[in-house]
């Protein structure tokens, strides 16, 4: 399988974050996802959970009114990126989130989401 550019991986990751649509072709076989709410998942568990966006859209995206701002950054070596964002929910709570990614051979090998779990639960009434 051929890899993708880091810009493609960043754009697809952002699309997944804000719409729930996952392009699984960007995931390496040894992919690993780390998140306080969604917990840690290998590629199989991650795709089982997120390939069908229903649960993610119902638990998270349905409460979000808008994402503002969204800032995308990449390292000079083209191996690492971050998507820094703030989202605002219908419950009047805003959450700051940083998503860090690592790309090897044009495929996403790690995605780490960093945010305040308690504030996130408050923002989604969980």
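The numbers here are math on the coordinates, done by the rules we state, and not lab data. What you see is a predicted model; the values in this text were computed from it and never measured.
Please report how far the C-alpha centroid of segment 76-126 lies from that of segment 6-61, rounded to the nearest whole angstrom.
Using only Cα atoms, the two centres lie 11 Å from each other.
Roughly what angle does helix 6-19 make with the longest principal axis of the chain, taking Cα atoms, 0 to 90 degrees, to the nearest 10?
Its long axis makes an angle of about 30 degrees.
Throw me the Rg/Rh for the chain, computed over C-alpha atoms with Kirkwood Rh, two decimals.
Details: Rg = 14.1 Å, Rh = 14.8 Å.
Rg divided by Rh gives 0.95.
Find how much the distance from residue 112 to residue 86 grows on full extension, using 0.36 nm per residue of separation minus their present alpha carbon separation; answer in nm with one decimal.
Additional length available on full extension: 7.8 nm.
Can you give me the relative contact order of segment 6-123 as a percent, contacts being Cα pairs under 8 Å and 6 or more apart?
Normalised by residue count, the contact order of segment 6-123 is 26 percent.
Can you give the extra length, in nm with one decimal, that the chain gains between residue 47 and residue 62 once fully stretched, where that is 0.36 nm per residue apart less the Cα-Cα distance?
Net length gain for the segment: 3.4 nm.
Starting from the Cα-Cα distance between residue 25 and residue 7, subtract it from 0.36 nm times their residue separation and give me the gain in nm to one decimal.
Residue separation times 0.36 nm, minus the Cα-Cα distance, leaves 5.0 nm.
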